[in-house]
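The values are calculated or read from the model by the stated rules, or taken from the named source; none is laboratory data. Since this is a predicted model, take the numbers as computed values, not measurements. Cβ: placed from backbone, ideal geometry, glycine included. Neighbour counts: every protein chain shown.
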Amino acid sequence: MKEFVHFALKNTKFKIGLVILLFFIILAIIGPYISHYKDPLEYVSMSNLPPSRENWLGTTTFGQDVFTQFVYGLRSTFFIGLFGGGLATIIGLLIGFIAGYKGGLLDDLLMMLTNILIVIPTLALLIIIAAYLPYRGIGIQSVIIGLTAWPWTARAVRAQTLSLRSREFVNLAKITALRPLKIVLEEIAPNMMSYVVMVFILQFAGAILAAVGLDFIGLGPTRGISLGLMMQYSVLWNAIQLGMWWWFVPPGLAITMIVSSLYFLNIGLDEIFNPRLREE
Amino acid sequence: MTNLIQIERLRIYYKTLHGDAKALDDVTFTINDKEILGIAGESGCGKSTLGNSLILLKPPMKYVSGEVKINGEKLPIDNNTEMRRYRYKKISLIPQYAMDALNPTRKIGGIIRDLVGQHKIKYEEIEKRLHERLNMVKLSKDVLNMYPFELSGGMKQRLVLVISTLLNPDLLIADEVTSALDVSSQKAVSLMFKEFRDREIVNSIIFITHDIAVLYQIADRIVIMYAGKVAEIGPTEEIIANPLHPYTKALIKSLPNAGIRHTKEKLEGIPGHPPNLINPPAGCRFRDRCPFADENCLEEPPLKEINKGRLVACWKVKDL
Amino acid sequence: MIKAKNLTKVFNSGFLFSKNTITAVDEVNFEIGKGEILALVGESGSGKSTIGKMMLKLLKPSGGQILLEDKDIFSISNNKEFYSKVQGIFQDPYSSFNPIFKVNRIFKLVRQSFKKEVPASEWNDRVENVLKKVGLNAGDVLNKYIHQLSGGQLQRLLIARALLMDVEVLVADEITSMLDASTRVDVLEALLSLKEIGAAIMFITHDLSQAYYISDKIVVLYRGSVVEMGSIEKVFSNPRHPYTQMLLDSIPQLDRKWETDRIDIEDSDKKQAIWKEGLCKYIDRCPIADTSCFKPTLKLVEEDHYVACVKL
């Protein structure tokens, strides 16, 4: 643990990623409290106003406060990242681990399922599912993203499990008559922790992007607001042509920076956990 | 006997998180023409570092000081670009685990073609020689059309021997080439190395291994290394029959290679373990584990020639 | 006393259309008595590790039995009972320990699984004692992580663990192969302390010199079959099977040089592999084989010495 902290503090990529991510997380948490307005969809002012002291990021075509939308949108985005990414990670972990640990026919079957799902283009699948849903909220959106994003995780976890399973300390645990569950939890799982963390971070980023993709083409949540929806509305209502940069730049920039920071964090963690990748 | 390679006071350190590991610390010896020189020692003694430094010095290894001469002229081991003139043509290395490093997705013939192409040689020019060499190591030509995974360990190692000596280098450095082989393959492969030298395909061979018994079979002279320093050098027969350095003595006494059973004679290991190379102790590095050590050993013993061709680094050797 | 009777293991690989069968262990018989060390010797692919794993119930045999005091070990459903009597040590000391824990955890787990009733202070004494028996100082090793200890120390810790459990059978699978020569002897000596408490030890190795040093009997395996077995003195002084002779001939000794007239190369001039089902497996490499070499059975050639070769 001490070694981890030591390397974490030295790794630039990790630090940059963490700082940017924390900035947006803090903004998402305190933003709604410091904003002048409580409802992102409320008509509060004249439309198309540029940023001012009243409206920190100006207003939309409908007179809504962009800053309020922005901070609530951040919350939605993080929610989807957490739950969509989390669901994908959990499913991928379970399937990958069972396939790798049990082997045999079960492994073959699970991998067949995984490979089929990998081949199907995720976005197309999401579009079809989303289009059929009568009602869409960010919860449902997280679920469908989670249900389609796990295959890649499953394969990666399976590979890790296979390599750990053949380590002699697992055999030693078996001949110490430890129960299988105890072996999984105490011998194998802790050695996969670093890997699982990195996988989750990537799923988090992936879920955000998938959500933005859906939002942008109009298959986003039917109520509420998210960064993707902001982008959709702004483009739909010609914000670009009208020069209303305060409407589309903040969400776009935020999405880009959040996802980038997650990737930075991931590369940094890889270097921290993997001594061979460190530049000395 | 002329000297092919002269190594003088060579120091090569490894950069690590906690400081520099003095992997090779002031090492001096020569490699003669037409000889098989065995370098023996246990893990961490520096033998692999030595082998690698003579051909490719890359981080985390760093050149600190010392000189290496080949046929009288300076070998620019600290300059990677200049070393290109020597690599593969004059000096060739078979690194540890070489046989596992063959590209699994290429057929062997393709791998060789790529390799000689890198050194600006057309495959057709050496094809005939390649076939002859394969024959010498009892590999059929069909091997060129196979993938590496189709070959066994012994076959791969013989193949690696052929590939690394295709351009008849002056010096072949073989790093633990028999350690991962079955005992029957080990004998066949070791003898083939000897034959390559006998037939003058290579001039001299540095045979790096931890297995002294193999060196007894094929090496002319042996260098014993310990913790980055040379402990003893001498002709093979003499080192085995009459080891002088306490480390060599203890090492040979710990080997069950003389047909003994525990009921008749007990072998003894060497208590303790090699010193930390980042902060090695002052004086003789074997001091902590040596049964003969005393206060004199707090000062490092020089490598002295006590007889023609026989060198030992130990204060006690005059007395013994 | 542990016995193997017609022990067989067949591996099937491939799925549906590409099935591949490998007979890794082919009707192997041997027995190890109390306080005996049996060397199981063979090259890669001989099946020795597979046998070791089956002895430890890490693999199920395809045929035959392993009997511990005349009871089939696969019929012992109580794992704790079995493993309190039968233990193993593996080849790679650094892989045998979970890297995130300190090494004393292996002793804690033994206590949890097998010796819960022993009071704490007595347990600590016992641990110190077994560590002393294998030449280790408790204070030096117990609180360390694996990267702070040497391979030899780690292997001796595992032997201490077996001593602690008072095992009846120990399977040592190539336990010295990854160690430096000067520490191998310490590990072999530690193994002898297990022999002293009456354990039956299976010493799996490819190193014949070590086998000769420490064992009482030997089983020589070639591609899953026993080619020669018996008392170690008899087999080493009078090897009858061509494979055993070749193996002994290939050991690099310190008191004689290799004979260079016969060099066995696995794939040499014989272009076509002759071996078919029903023939002796060594037929492709054997210098005295001919077409009459059908699959041999083990025959007694002198007291305590069996060979499987039709030519004798």
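Going by what's in this entry, would B:Leu277 be described as in contact (Cβ under 8 Å) with a residue 24 or more places away in the chain and in contact with a Leu (Cβ under 8 Å, 6 or more places away or on another chain)?
Working: in contact (Cβ under 8 Å) with a residue 24 or more places away in the chain: yes; in contact with a Leu (Cβ under 8 Å, 6 or more places away or on another chain): no.
Answer is no for this residue.
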Turns out the strands (runs of 3 or more DSSP E) fully within region C:198-312 with at least 1 residues that are under 30 Å from C:Asp186 (Cα atoms), touching a Phe, Trp or Tyr at 6+ places or on another chain (Cβ under 7 Å) and more than 14 Å from chain B (Cβ to nearest Cβ) are C:217-222, C:225-231
Test each condition in (1) modelled with pLDDT of 85 or more; (2) out of contact with any Cys (no Cβ under 9 Å at 6 or more places or on another chain) for C:Cys286 and report the one that comes out false.
(2)
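Yes/no per residue for (1) more than 14 Å from every other protein chain (Cβ to nearest Cβ); (2) basic (Lys, Arg); (3) surrounded by fewer than 18 Cβ atoms within 10 Å (Cβ to Cβ); (4) closer than 30 Å to B:Gly272 by Cβ:
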| residue | (1), (2), (3), (4) |
| --- | --- |
| B:Asp25 | yes, no, no, yes |
| B:Ile39 | yes, no, no, yes |
| B:Leu50 | yes, no, no, yes |
| B:Leu54 | yes, no, no, no |
| B:Pro60 | no, no, yes, yes |
| B:Gly72 | yes, no, yes, no |
| B:Asp78 | yes, no, yes, no |
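Given the criterion under 20 Å from A:Arg223 (Cβ atoms), crowded, with 20+ Cβ neighbours inside 10 Å and not small (Gly, Ala, Ser), identify the matching residue among A:Ile145, A:Ile175, A:Ile188.
Within the list A:Ile145, A:Ile175, A:Ile188, the selection yields A:Ile145.
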Looking at (1) among the hydroxyl-bearing types (Ser, Thr, Tyr); (2) in contact with a strand residue (DSSP E or B) (Cβ under 9 Å, 6 or more places away or on another chain); (3) without any contact (Cβ under 8 Å) to a residue 24 or more places away in the chain, find the lone condition where B:Ser164 falls short.
(3)
Output yes when any residue across region A:184-191 is within 22 Å of A:Gly81 (Cβ to Cβ) and small (Gly, Ala, Ser), and no when none is.
no
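Let me confirm something: among C:Ile175, C:Ile146, which residue is more than 11 Å from chain B (Cβ to nearest Cβ) and closer than 30 Å to B:Lys187 by Cβ? First the steps, then the outcome.
Working: C:Ile146 fails: closer than 30 Å to B:Lys187 by Cβ.
From the options C:Ile175, C:Ile146, the qualifying one is C:Ile175.
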With the structure loaded, tell me whether A:Gly92 is in contact (Cβ under 8 Å) with a residue 12 or more places away in the chain and in a helix (DSSP H, G or I) or whether it fails that test.
yes
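Every residue, every condition in (1) buried (at least 20 other Cβ atoms within 10 Å of the Cβ); (2) touching a Ser or Thr at 6+ places or on another chain (Cβ under 9 Å); (3) of a type outside the set (A, V, I, L, M), yes or no:
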{"position": "C:Met202", "(1), (2), (3)": "yes, no, no"}
{"position": "C:Ile218", "(1), (2), (3)": "yes, yes, no"}
{"position": "C:Glu233", "(1), (2), (3)": "no, no, yes"}
{"position": "C:Asp261", "(1), (2), (3)": "no, no, yes"}
{"position": "C:Lys276", "(1), (2), (3)": "no, no, yes"}
Look through B:Leu151, B:Leu171 and report the one residue that is out of contact with any Ser or Thr (no Cβ under 7 Å at 6 or more places or on another chain), hydrophobic (A, V, I, L, M, F, W, C) and either surrounded by fewer than 22 Cβ atoms within 10 Å (Cβ to Cβ) or touching a residue at least 12 places away in the same chain (Cβ under 8 Å) (or both).
B:Leu151
If B:Ala188 satisfies every condition in (1) of a type in the set (A, V, I, L, M, F, W, C); (2) within 14 Å of chain C (Cβ to nearest Cβ); (3) outside any helix (DSSP H, G or I) but one, which is the exception?
(3)
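Is it fair to say C:Ile100 is of a type in the set (A, V, I, L, M), away from chain B (no Cβ under 14 Å) and under 30 Å from C:Pro239 (Cβ atoms)? Full working, then the answer.
On the way: of a type in the set (A, V, I, L, M): yes; away from chain B (no Cβ under 14 Å): yes; under 30 Å from C:Pro239 (Cβ atoms): no.
Here the answer is no, as C:Ile100 does not meet what is asked.
When residues of region C:106-123 are filtered for being surrounded by 15 or more Cβ atoms within 10 Å (Cβ to Cβ) and in a helix (DSSP H, G or I), how many remain? Explain how you work it out, then say what you get.
So in region C:106-123, the residues surrounded by 15 or more Cβ atoms within 10 Å (Cβ to Cβ) come out as C:106-107, C:109-111, C:113-115, C:123.
Then drop every residue that is not in a helix (DSSP H, G or I), which leaves C:106-107, C:109-111, C:113-114, C:123.
Of the residues in that region, 8 qualify.
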Conditions (1) under 16 Å from C:Leu38 (Cα atoms); (2) hydroxyl-bearing (Ser, Thr, Tyr); (3) not in a loop (DSSP other than H, G, I, E, B); number of the one not met by C:Thr176:
(3)
Any hit, region C:36-45, residues being surrounded by fewer than 19 Cβ atoms within 10 Å (Cβ to Cβ), farther than 30 Å from C:Ala120 by Cβ and more than 9 Å from every other protein chain (Cβ to nearest Cβ):
yes
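For region C:59-94, name all the residues that are surrounded by fewer than 15 Cβ atoms within 10 Å (Cβ to Cβ) and either under 29 Å from C:Thr183 (Cβ atoms) or within 14 Å of chain A (Cβ to nearest Cβ) (or both). Working first, answer last.
Residues of region C:59-94 that are surrounded by fewer than 15 Cβ atoms within 10 Å (Cβ to Cβ), as a first pass: C:60, C:63, C:69-72, C:74-75, C:77-78, C:80-81.
Those that are surrounded by fewer than 15 Cβ atoms within 10 Å (Cβ to Cβ) and either under 29 Å from C:Thr183 (Cβ atoms) or within 14 Å of chain A (Cβ to nearest Cβ) (or both): C:Lys60, C:Ser77, C:Asn78, C:Lys80, C:Glu81.
In region A:118-142, which residues are among the polar types (S, T, N, Q) and modelled with pLDDT under 85? Walk me through it before giving the result.
Applying the first criterion (among the polar types (S, T, N, Q)) to region A:118-142 yields A:122, A:141-142.
If the condition is that a residue be among the polar types (S, T, N, Q) and modelled with pLDDT under 85, then A:Thr122 is the only one that fits.
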